[in-house]
Amino acid sequence: MKKILYLFIIFCAGTIVHAQQFVYKPVNPAFGGETFNYQWLQSSASAQNQFDNTSSSRNSGALGSLNSFTDNLNRQLLNEISRKLMGDQFGEGDLKPGTYVFGSMYLEVIQTGQGLLINILNTSTGEQSEILIPGS
């Protein structure tokens, strides 16, 4: 009786258990996956993106009207300087060689043999720029 029971268990176990081969198929098209998955992967990554580019524009609005006014004033001053520099070079302005300081912007105007040399230094960031306007 025990032998029949053992044979029955072995026979049932042999028919129930089947082996199968596992095959890996990549999902990402960059690694050989289906090309139609690209759009789904892109939208999924965009939905999970925590670094939103629109947040910087929201933060700039939150800075307040005083910072906006200061930025606008700096732009107008730099625009006026550039207009005077160009006018001076072409005979219409009254900008003289020397140093000019506007907030964090330091401008140095030098008359050289090649023309008008303008050194611009942003003291808050350390950025420098040099402009040479050839003389007539």
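The values are calculated or read from the model by the stated rules, or taken from the named source; none is laboratory data. As the structure is a prediction and not an experimental result, all values here were calculated from the model. As a convention, Cβ positions derive from the backbone with ideal geometry for all residues, glycine included, and neighbour counts pool all protein chains shown.
Brief remarks on what is shown
- In the range 33-51, of all residues being more than 22 Å from V23 (Cα to Cα) and hydrophobic (A, V, I, L, M, F, W, C), the one that is surrounded by the most Cβ atoms within 10 Å (Cβ to Cβ) corresponds to W40.
Results for (1) acidic (D, E); (2) over 30 Å from A30 (Cβ atoms); (3) part of a loop (DSSP other than H, G, I, E, B); (4) at pLDDT 85 or above, shown as yes or no for each residue.
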| position | (1), (2), (3), (4) |
| --- | --- |
| F51 | no, no, yes, no |
| N59 | no, yes, no, no |
| T70 | no, yes, no, no |
| E80 | yes, yes, no, no |
| Y100 | no, yes, no, no |
| L121 | no, yes, no, yes |
| S129 | no, yes, no, yes |
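- The lone criterion from (1) surrounded by 14 or more Cβ atoms within 10 Å (Cβ to Cβ); (2) within 32 Å of the chain's Cα centre (by Cα); (3) modelled with pLDDT under 80 left unmet by G64 is number (1).
- Identity of the residue in the range 102-119, modelled with pLDDT of 80 or more and over 21 Å from P134 (Cβ atoms), that ends up surrounded by the most Cβ atoms within 10 Å (Cβ to Cβ): M105
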